[in-house]
1. Name the residue, out of PHE35, PHE92, that is part of a loop (DSSP other than H, G, I, E, B), hydrophobic (A, V, I, L, M, F, W, C), within 21 Å of the chain's Cα centre (by Cα) and surrounded by 13 or more Cβ atoms within 10 Å (Cβ to Cβ).
2. Which count do you get for residues in the range 114-143 that are assigned to a strand (DSSP E or B), of a type outside the set (S, T, N, Q) and closer than 30 Å to LYS97 by Cβ?
3. If only one of LYS109, LYS125, LYS168 is basic (Lys, Arg), surrounded by 13 or more Cβ atoms within 10 Å (Cβ to Cβ) and under 16 Å from the mean Cα position of the chain (by Cα), which one is it?
4. Could you check the range 52-65 and list, in sequence order, the residues that are surrounded by 18 or more Cβ atoms within 10 Å (Cβ to Cβ) and touching a Ser or Thr at 6+ places or on another chain (Cβ under 6 Å)?
5. Which members of the range 32-66 meet the condition of being free of Cβ contacts under 8 Å to residues at least 60 places away in the same chain and aliphatic (A, V, I, L, M)?
6. Residues of the range 166-188 being within 27 Å of ASP68 (Cα to Cα) and of a type outside the set (Val, Ile, Thr), which ones?
7. Restricting attention to the range 141-155, which residues are in contact with a Lys or Arg (Cβ under 7 Å, 6 or more places away or on another chain) and exposed (fewer than 15 other Cβ atoms within 10 Å of the Cβ)?
8. Could you give me the residue pairs with C-beta distances under 9 Å whose first residue belongs to the range 101-117 and is farther than 14 Å from GLY65 by Cα and at pLDDT 95 or above, whose second residue is aromatic (Phe, Trp, Tyr) and in a strand (DSSP E or B) wherever it lies, and which are 6+ apart or on separate chains?
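The values are calculated or read from the model by the stated rules, or taken from the named source; none is laboratory data. In this text, all values refer to a predicted model and were calculated from it rather than measured experimentally. All Cβ positions, glycine included, derive from the backbone under ideal geometry; neighbour counts span all protein chains shown.
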Amino acid sequence: MKRIIALALAATLSSATYAATETYVIDSNHSKPRFEYSHFGYSTQLNRFDTANGTITIDRAAKTGSVDVVIDAKSVDTGYPLFNGHIQGEDFFNTEKYPTITFKSDKLKFDGDKLVAVDGNLTVKGITKPVTLTVTSFLCMPHPIVKKDACGANASVVIKRSEFNMPKYTPYVSDEVTLSIPVEAIKQ
């Protein structure tokens, strides 16, 4: 009898632990990754991608989770259609061959209860590099419009575009690029 109670208790605890993991689907209407770089030292250019999708899983009590973001590189928006085409060419994103940019992680870093970073792999132009996204804000709460729980975050990392086979025009156009990923996701 004690064995049956112990098994029932173990099953209950494991299902409670499993239930703590929540899955969120990225809202592409409110998740527009951006990248910025120095243009000849004159100014910092800020561009974005109009389409990003993916999922986030998180167990806030266990401080674990995963992130899977897929950015449509063909959705790049520089504000100038001719430059959009140029930046999708072979010298830069080469979107005909590499239509997506991905970030995948299963390591979230917390400082107390605050999510502060996400370690993962960034793949651009078929080249994968480990990166750490610094999280500057993270909030989960009921969404007032969709009436479901939602999470949002702002995360960024500085990368070198030459490491992703995009060195054209360096050093005039900076090798360092800041990739920012603002994300909102709805609980499933």
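1. PHE92
2. 10
3. Of LYS109, LYS125, LYS168, the one residue that is basic (Lys, Arg), surrounded by 13 or more Cβ atoms within 10 Å (Cβ to Cβ) and under 16 Å from the mean Cα position of the chain (by Cα) is LYS109.
4. ALA52, GLY65 - these are the residues of the range 52-65 that are surrounded by 18 or more Cβ atoms within 10 Å (Cβ to Cβ) and touching a Ser or Thr at 6+ places or on another chain (Cβ under 6 Å).
5. LEU46, ALA61, ALA62 - these are the residues of the range 32-66 that are free of Cβ contacts under 8 Å to residues at least 60 places away in the same chain and aliphatic (A, V, I, L, M).
6. MET166, PRO167, ASP175, GLU176, LEU179, SER180, PRO182, GLU184, ALA185, LYS187, GLN188
7. So the first thing to find is which residues in the range 141-155 are in contact with a Lys or Arg (Cβ under 7 Å, 6 or more places away or on another chain), and the list is 148-150.
Selection gives LYS148 alone.
8. Final answer for the pair search is ILE101/PHE49.
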